[in-house]
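**Student:** Mind having a look at this structure? Questions to follow.
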Amino acid sequence: MGYTIYDIARAANVSKSTVSRVLNNQTNISDEARERVMRAIEQLNYQPSKLARALSSGFDAVMVVSRSAKTTTHNPFFADILQTIAEKAEEENFDVILQTSKNSKDELEKCIAKIRGKMIKGIIMLSSPAKEDFLKQLDLFNIPIVVIGKVEGDFQNIFSVDTDNFQDSYDLTKYLIEQGHQDIACLHSPLDYHVSIDRLEGYKACMNDYGLPLRKEWVIDSGYTLDSGSLAAKQLFATKQRPTAVFATDDLKVVSVYKTASELNITIPKELSITGYSNMGHTSFLTPALTCIEIPVRELGKAGAAILFSKIKENNVLTAQTVIETKKIVRNSVLKRE
């Protein structure tokens, strides 16, 4: 037989509200009443349900906020980092709620509804929007939020875990220049997120520092999908003067360039060199092997989850910004030009 708090109240000769205060570790109760309630709980072997506890004290859950499906399709970064966060949540006995949305307004409304409904005790966002009004509004609710990406604003409850996207892109572009390339194109993502902006700006800064021109037709917004990336690559290869090298700002762009080059019989690296980013297991099967910055997906997820649970459980004082180191891997996708 499953007992309820009404049964505990009758056995202890106290009110239901007194039992509730004991179960939620509240202090406004006498020692004598607390002792009677605890003795009744032991006698009846009462096990409060997780749902009942949550209705008064909140669920032991965190929410992972991902982008809309149209920007994450076929991008394994989101699946890989979500798996890492879920593993850490399991260790901490927390549930994970995954939230997607149609747009930023919808996303904000869903976040606020879950916070007010005591459904979550913290949030991990898998991307950092360039417009931070969203974060400003969430910061007011005084729950910890970890953003996987850069955060520029000054917030009380928001923490950033990121890599140095600007410097990594600068270094990849610099490597192409050091190998003798001057005609270097860039396929980038839409500039809705800090990561996209920083990677494009790293490329531009390096080209400028070395006195190389930025040709408008060689700097192409390539969308979020493999199909849009392939269309951008075809557009690039159809230009009157084709670049000798391409810097691709994420692995979907990388795969798009390899795929389109193969379809057009353009040989990598003999006719076209390429550098980019990789967090996909199957980029290791590309031929020739890619010279790239390897994104430490699991490290980002582990660091973000560790910060979130530290704030939830212990409310430790933590630094607002955490930068995870990356490494450049030189392989065979770049030809040295004499």
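The values are calculated or read from the model by the stated rules, or taken from the named source; none is laboratory data. The structure displayed is predicted, hence computed values, not measured ones. A quick note on method: Cβ atoms are made from the backbone with ideal geometry, for glycine too, and the neighbour counts reach across all protein chains shown. Keep in mind that these areas ignore ligands, DNA and RNA; they rest on the heavy atoms of the full protein, side chains included. Shrake-Rupley method; radii C 1.70, N 1.55, O 1.52, S 1.80 Å.
**Student:** Tell me the strands (runs of 3 or more DSSP E) entirely within the range 274-338 that contain at least 3 residues that are closer than 25 Å to Thr173 by Cβ.
**Tutor:** Because the criterion is at least 3 residues that are closer than 25 Å to Thr173 by Cβ, the strands (runs of 3 or more DSSP E) in the range 274-338 that meet it are 291-294, 327-329.
**Student:** Among the residues of the range 236-283, write down those that are β-branched (Val, Ile, Thr) and touching a residue at least 24 places away in the same chain (Cβ under 8 Å).
**Tutor:** Thr244, Val246, Thr249, Val254, Val255, Val257, Thr260, Ile266, Ile268, Ile274, Thr275, Thr283
**Student:** Would you list the helices (runs of 4 or more DSSP H) that sit entirely within the range 67-162 and hold 2 or more residues that are within 23 Å of Pro190 (Cα to Cα), touching a residue at least 24 places away in the same chain (Cβ under 8 Å) and of a type in the set (Val, Ile, Thr)?
**Tutor:** 69-72
**Student:** When residues of the range 32-46 are filtered for being open to solvent by 60 Å² or more (accessible area, probe 1.4 Å) and either in contact with a Cys (Cβ under 8 Å, 6 or more places away or on another chain) or modelled with pLDDT under 80 (or both), how many remain?
**Tutor:** Looking only at that region, the number is 2.
**Student:** Pull up the range 281-320, narrow it to residues that are open to solvent by less than 90 Å² (accessible area, probe 1.4 Å) and of a type in the set (S, T, N, Q), then point me to the one that is nearest to the chain's Cα centre (by Cα).
**Tutor:** Per the criteria, the residue is Ser310.
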